[in-house]
1. Are there any pairs with C-beta distances below 6 angstrom linking a residue in the stretch 237-248 that is under 11 Å from residue 287 (Cβ atoms) and in contact (Cβ under 8 Å) with a residue 40 or more places away in the chain to a residue that is away from ligand 3 (no atom under 16 Å from the Cβ) and assigned to a helix (DSSP H, G or I), with the two at least 6 apart or on different chains, and if so which?
2. Here are some residues: 354, 429, 391. Which one is within 16 Å of ligand 3 (Cβ to nearest atom), in contact (Cβ under 8 Å) with a residue 24 or more places away in the chain and over 30 Å from the mean Cα position of the chain (by Cα)?
3. Name every residue in the stretch 476-498 that is in contact with a strand residue (DSSP E or B) (Cβ under 8 Å, 6 or more places away or on another chain) and more than 21 Å from residue 406 (Cβ to Cβ), in order of residue number.
4. Would you be able to tell me the number of residues in the stretch 429-444 that are surrounded by 18 or more Cβ atoms within 10 Å (Cβ to Cβ) and closer than 23 Å to residue 314 by Cα?
5. Of everything in the stretch 457-470, what is under 17 Å from residue 428 (Cβ atoms) and either surrounded by fewer than 23 Cβ atoms within 10 Å (Cβ to Cβ) or without any contact (Cβ under 8 Å) to a residue 60 or more places away in the chain (or both)? Give them in sequence order.
6. Just the residues that are surrounded by 24 or more Cβ atoms within 10 Å (Cβ to Cβ) and within 13 Å of residue 108 (Cα to Cα), please, taken from the stretch 43-63.
7. Quick one: count up the residues across the stretch 79-99 that are farther than 28 Å from residue 333 by Cβ and in contact (Cβ under 8 Å) with a residue 60 or more places away in the chain.
8. Working carefully through the options 195, 211, find the one that is modelled with pLDDT of 95 or more, more than 29 Å from residue 324 (Cβ to Cβ) and either surrounded by fewer than 19 Cβ atoms within 10 Å (Cβ to Cβ) or more than 16 Å from ligand 2 (Cβ to nearest atom) (or both).
Ligand SMILES: *[C@@H]1O[C@H](CO)[C@@H](O)[C@H](O)[C@H]1NC(C)=O
Ligand SMILES: *[C@@H]1O[C@H](CO)[C@@H](O)[C@H](O)[C@H]1NC(C)=O
Ligand SMILES: *[C@@H]1O[C@H](CO)[C@@H](O)[C@H](O)[C@H]1NC(C)=O
């Protein structure tokens, strides 16, 4: 009885923060101190922006049960400030709720609010609208950049302040910038400005830090006074030598690896990255044996939903899956690596006992028949909310006030092309992929760095439609000012193409409002021919009478080429099975397709996942969501349109 009452009391307090504490660097004893005691963190990276909110608790619990005592997350600026001064912090963007959950579960937080985060995220987390100033020097003292940063941090950091450990919250340390020593600018005034800015909002007590590659050359421009310098490095190398680099910048204080790589990122067209569990376990054990602090990057990767993936140079965008070969899979499932890491941690720290949240069940909903809806060209009036813009020369996405997705550029053939004539982008200015048609017939695809010219035929005056896809902005290095669209002129033979009509497309809005209709039936294109960019729709029913539905699932697009999938208006992400690696994994490793359809449903019906846990605080089984959970049977939910844009 008394035990039960204790549990209830705890639940009541679950949504307030705790007592203020202290957290600091002890330089004399080379460690952190938490509430006066020697403290070492073993943390894992989880990006709330890559996981649907309904699963945050499940993933955090799995991390807690692995023996971690902290989690690390980035805050992507562009995810929260879509246009200047317009902030979103609700639903999947509710970072405060995420922090509260971590705190309730018993995990501390290492916060990395940028402003630049890298993270294989569009433009490294910087909002594309910064490019309204064409020659802006990002991540520097450029006054326009600084003005935007000050405004953003003026919004974000006061929100974070109550969550600092000193104020009873879970945040023990806060990173300033990210691997700044790898950036060309090396602008100490910028780093000094950020330091002052962070201090002015967060106070003098919080531990602020930087992270750089484990080499003296990186630390040269990355570290600065008042910010504790840490390093990042993966498994397999010489751990002592890597920490020697940190010692170069910080002769005393705790050893910290802020990004210990459990796996690695992927690019379209390259093999899926895999890092052996044995290597990860061995190096992790070496790091922990030295008494060092560590953050495992990633502990769970998750998904680049919608258009959020970034790209590397030479231009190589990352796929929808951010699985990362992490200990928890993209779908949040337990892997062999998870258990191996747990065993290593167990040798260094007492880990929680009790059942680990199980892998979530998946369900195969069967084949979804897809019917052709309108082509993009046919649907222009529906898709172009703002109407077209006319100009002599092509304009970029930003000039057309569009950040993501697709823009249609239309012009006419100025001369007869009775023989195949090259339509080219001599300056490689198609950013990033263009689907070209002449008078409603597909003519070919131009692609950044890969295909700068195709041949076209047609009569003078024929309509040329060029649908340009933004495949994700560069997130690392000196090319992060990544303009999208047609960023230089196109030529036809020797002539520059002129007289453009440009349609900024609000596809996501049109899809979620169900505006796309079916087309009049036309003869299906010959199988080998390129099809025109078109929408396809289909629907499926969550069957009745099977317990625990709806469940997660995976979408397979066996004969499809490239495009974007929406389910019930939610933009799941890009598919490109012909280039892979996402599609190629199907045969041997289920689970690396797109994250499924289901959480939409879960969201719509506010169904919470429930697990019984052995919880350290109450030392008994504790139903973690008994308060929020209302038992509601969902019967035969119809998932409306499973929309796809197909090229
Ligand atoms: C690792 O690096 C340290 C310090 O640079 C060096 O003393 C040691 O010999 C290296 N170990 C191996 C196995 O190379
Ligand atoms: C375009 O046509 C010319 C002449 O037929 C040919 O030499 C060239 O390879 C073609 N280019 C492409 C990109 O197909
Ligand atoms: C296209 O060419 C014209 C004339 O040379 C030039 O003024 C304009 O800046 C070019 N446009 C782009 C987008 O490169």
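The values are calculated or read from the model by the stated rules, or taken from the named source; none is laboratory data. Just so it is clear, the model here is predicted, and its values are computed rather than measured. Backbone-built Cβ (ideal geometry, glycine too); neighbour counts: all protein chains shown.
1. 239/286; 239/287
2. When all the criteria are applied, what remains is 391.
3. Within the stretch 476-498, 476, 477, 480, 491, 492, 493, 498 meet the criteria.
4. Pass one, the stretch 429-444, residues surrounded by 18 or more Cβ atoms within 10 Å (Cβ to Cβ): 429-438, 443.
Narrowing further to those that are closer than 23 Å to residue 314 by Cα: 429-435.
Within the stretch 429-444, residues that are surrounded by 18 or more Cβ atoms within 10 Å (Cβ to Cβ) and closer than 23 Å to residue 314 by Cα number 7.
5. If the condition is that a residue be under 17 Å from residue 428 (Cβ atoms) and either surrounded by fewer than 23 Cβ atoms within 10 Å (Cβ to Cβ) or without any contact (Cβ under 8 Å) to a residue 60 or more places away in the chain (or both), then 466 is the only one that fits.
6. 43, 44, 45, 46, 60, 63
7. Looking only at that region, the number is 7.
8. Working: 211 fails: more than 29 Å from residue 324 (Cβ to Cβ).
Going through 195, 211 in turn, the sole match is 195.
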